[in-house]
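S.K.: The structure's right below; bear with me while I get my questions together.
The numbers here are math on the coordinates, done by the rules we state, and not lab data. The structure displayed is predicted, hence computed values, not measured ones. A quick note on method: Cβ atoms are made from the backbone with ideal geometry, for glycine too, and the neighbour counts reach across all protein chains shown.
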Amino acid sequence: MIALGSDHAGYELKIEIAKYLKEKGIEYIDFGTYGTERVDYPIFALKVANEVASGKCEKGILFCGTGVGISIAANKVKGIRAVVCSEPYSAALSRAHNNTNILALGSRVVGLELAKMIVDQWLNTPYEGGRHQKRIDQISKIERGEQID
Ligand code: RB5
């Protein structure tokens, strides 16, 4: 299950990506916002991040104007590794090496077809584990306020 969320700026791209996921038979829940009225992106970042961090949803996709604010907010939740991407290569590598669990897209940065390619790469690339796990563990330690040297 994929958790979706956006602010007003990301709303329309979110709706298009939701349609795309539906066409592909991928299940999702939309945690808002549900229109183009101005809202604050941290509220929707938190809703989606909580779903992912708790394991209720496997992954999340967030949308705002740039993807920046909403990814910063999501990354404040323990256990979240959110990546903002505007091309598919980083989307794939963020899964393979960084085991990202939230993708953030900027509706004012990427067009719909590019967004679909980024989503495909991100959803279809598995985490490689191995040598990368040590670094993920180090990130988790930083999150807990522990030293890593
Ligand atoms: C809203 O205008 C805009 O600031 C927001 O969508 C996002 O781009 C913030 O990072």
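S.K.: Cα-based Rg of region 64-124 per 2.2 N^0.38 Å, rounded to two decimals?
M.R.: Its radius of gyration relative to the 2.2 N^0.38 Å reference: 1.02.
S.K.: Between V68 and T36, what is the label-point separation in nm under the 7 Å Cα-to-beta-carbon projection?
M.R.: Placing both labels 7 Å along Cα→Cβ, they lie 2.3 nm apart.
S.K.: Which value in deg cm²/dmol, rounded to the nearest 500, describes the helix-derived mean residue ellipticity at 222 nm for the chain, given -39,500 (n - 2.57) per DSSP H run of n ≥ 4 and division by the residue count?
M.R.: -14000 deg cm²/dmol
S.K.: Strictly over 20 Å apart at the Cα level, which of K22/K78; K78/K116; K19/K78; K47/K76; K47/K116; K56/K116 would you flag in this model?
M.R.: The pairs that break the limit, which is 20 Å between Cα atoms, are K22/K78; K78/K116; K19/K78; K47/K116; K56/K116.
S.K.: What Rg and what Dmax come out for region 1-55 when only alpha-carbon atoms are used, in angstroms?
M.R.: Answer for region 1-55, Rg first and Dmax second: 11.1, 31 Å.
S.K.: For region 1-103, take N as its residue count and report Rg(C-alpha) divided by 2.2 N^0.38 Å.
M.R.: Its radius of gyration relative to the 2.2 N^0.38 Å reference: 0.97.
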